[in-house]
Amino acid sequence: MTAPVSTRSSADLIRAEEPVLAHNYHPLPVVVASAEGTWVQDVEGRHYLDMLAGYSALNFGHRHPALIEAAHRQLDRLTLTSRAFHNDRLAEFAERLAELTGLDMVLPMNTGAEAVESGIKVARKWAYEVKGVPADRATIVVAAENFHGRTTTIVSFSTDETARAGFGPFTPGFRIVPYNDLAALEAAVDETTAAVLLEPIQGEAGVVIPDDGYLTGVRELTRRKGCLFIADEIQSGLGRTGRTLAVEHEGVVPDVLLLGKALGGGIVPVSAVVAHRDVLGVLRPGEHGSTFGGNPLAAAVGTAVIELLETGEFQRRAAELGTVLRDGLADLVGKGVVGFRARGLWAGVDIDPSLGTGREVSKLLMDEGVLVKDTHGSTIRLAPPLTITAEELESALGVLAKVLRP
Ligand SMILES: Cc1ncc(COP(=O)(O)O)c(C=O)c1O
């Protein structure tokens, strides 16, 4: 890892942020200056094992050599054209992403929230033009405890009061049902329903995994009722759960797939709506767009990400090391852990509330050189880079055992 650029201390830099940076986050008091693979270094030169991986944006670790090389090569040639012109990187990115996902068309965007917004627009247009829903009557059914981003429309169907309060008036057209409840979904879907929008595993809610058969049931129900199934795999996708996509655990293919985070290799924001032609084909010139969506740098990095996924190595690692993670967490149940949910290299761990909040435990882990993030209450999320070794994972679990010891 290279030496820090800043000559200021962590404490000084944290103090300096206070008056000039909006307080929309409450970061742990660590100031990262460099990183490589699974490790980050702070400005004082302390090393930490990254067990968060940028909320799964760093599935391939920090500065994966193949991704950095692809970015450097592209930086030296062409970075932005806008979609007013074609660029020579976009066709390959779209072709390979469609092939990787088994779908046929790609709408490139930048952030996850943009992909969600775009998916909502496409579903509404599809409802009016293909399904025949009367103008402005389309509904989208979503799940309680969802997390799909932070825009005004997306927070309109959040059930998290912190995310919503003070941001109304809200966008109409959404129905909220309990997650993992097919009967409730069945009751909510009617002839106005454009789509059911779900996370196959609810990440921010604490890595909540639905019962086996739920996603298959959603697929069957949406097909039978004639509406789209939109799977938000922005956090669950691209190797994290041991498969390229979390829906693959049930052999389900959604109509619309939303991808983001790891698609940009931890280098640039890259997101996409991927769908069959009969759905994404509803968009015509001028109806949707983004200045940066599909830019050649993003396409080059995204293509390099797809190349990594095509090897299957990362999915295999997540599946194999997922067993180490699950076994290690099972050993901690009753010893500071009250329960956990895990799939691949992704876990939501419920800490005994008497030992502290998720944030307090995250701080203790930080002091011991392991970076994680709490989700809600006493739950912490573990989502290391898929490049982590078994030894590193075991060492992180050892640190967790240590900080939970009463
Ligand atoms: C499932 C899911 N959808 C959408 C988003 C929003 O992505 P972004 O923060 O890039 O807008 C997130 C971010 O955590 C997410 O987990």
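Give the share of C-alpha pairs in each 10 angstrom bin for the stretch 170-277, from 0 to the last occupied bin, in whole percents, shortest bins first.
Binned Cα distances yield the sequence 14, 46, 32, 7, 0.
Using the Karplus curve 6.51 cos²θ - 1.76 cosθ + 1.60 with θ = phi - 60°, work out ³J(HN,Hα) for each residue of the stretch 203-208 in order, rounded to whole Hz, and write x for Gly and Pro.
So the J values, rounded to whole Hz, are x, 5, 5, x, 6, 8.
Determine, from the Cβ-Cβ distance of E391 and T7 and an R0 of 30 Å, the FRET efficiency 1/(1 + (r/R0)^6), rounded to the nearest 0.05.
0.30
Evaluate the distance, in nm, between pseudo-label points positioned 7 Å from the Cα of I68 and of A165 along their respective Cα→Cβ axes.
Distance between the two pseudo-spin positions: 4.4 nm.
Amide H of D104: which non-local residues (sequence gap of 5 or more, or other chain) have their own amide H closer than 5 Å, using H built in the peptide plane?
Under 5 Å from the amide H of D104: A275, H276, R277.
Under a point spin-label approximation (7 Å from Cα along Cα-to-Cβ), what is the E360-D331 distance to one decimal in nm?
2.6 nm
Compute the length gained on full extension between H26 and T192: take 0.36 nm times their separation in residues and subtract their Cα-Cα distance, giving the result in nm to one decimal.
Contour length minus Cα-Cα distance gives 55.7 nm.
Given an 8 Å cut-off on Cα distances and at least 6 residues of separation, report the relative contact order of the chain as a percent.
22 percent
Pull up all non-local amide H partners of L228: gap of 5 or more, or a different chain, and H-to-H distance under 5 Å with H placed in the peptide plane.
Residues meeting the criterion, in which the H sits 1.01 Å from N, are A195, V196.
Which percent, to the nearest 5, of DSSP beta bridges fully inside the stretch 96-235 are antiparallel?
Counting DSSP beta bridges with both partners in the stretch 96-235, the antiparallel share is about 10 percent.
Between N87, N24, N146, find the one with the highest GNM mean-square fluctuation for the chain; connect C-alpha pairs within less than 10 Å.
Highest fluctuation of the listed residues: N24.
Say we join alpha carbon atoms closer than 10 Å with springs in a Gaussian network model of the chain; which of L297, L329, L75 then has the biggest fluctuation?
Evaluated over the chain, the most mobile residue of the options is L75.
Enumerate the amide H contacts of V270 below 5 Å, restricted to partners 5 or more residues apart or on another chain; note that Pro and chain-start residues carry no placed amide H.
The list, which skips near neighbours in sequence, is K261, G264.
In terms of the ratio Rg/(2.2 N^0.38 Å) built on C-alpha atoms, what value belongs to the stretch 50-185?
Compared with the compact-globule rule of thumb, the stretch 50-185 sits at 1.33.
With θ taken as phi - 60° and the coefficients 6.51, -1.76 and 1.60, list the Karplus ³J(HN,Hα) couplings across the stretch 386-401 in order, rounded to whole Hz; mark glycine and proline as x.
My calculation for the stretch 386-401 gives 6, 8, 4, 8, 4, 5, 4, 5, 5, 5, 5, 5, x, 5, 4, 4 Hz in order.
Hey, what do the phi angles of the stretch 141-149 turn into as Karplus ³J(HN,Hα) couplings, whole Hz, using 6.51/-1.76/1.60 and θ = phi - 60°, x for Gly and Pro?
9, 10, 9, 4, 6, 5, 9, 10, x
Applying a 10 Å radius around every beta-carbon, put 334-342, 77-85, 223-231, 278-286 in order of their mean neighbour count, most first.
Ranked by mean Cβ neighbours within 10 Å, highest first: 223-231, 334-342, 278-286, 77-85.
Using only the Cα atoms, what convex hull volume per residue in Å³ does the chain have?
149 Å³
Rounded to the nearest 500 deg cm²/dmol, what is the calculated helix-only ellipticity per residue at 222 nm for the chain, with -39500 (n - 2.57) per DSSP H run of length n ≥ 4?
-10500 deg cm²/dmol
FYI, it's all coordinate maths here, none of it is from the lab. Computed from a predicted structure; not experimentally measured. Counting neighbours? That spans all protein chains shown, and the Cβs are built from the backbone with ideal geometry, glycine included.
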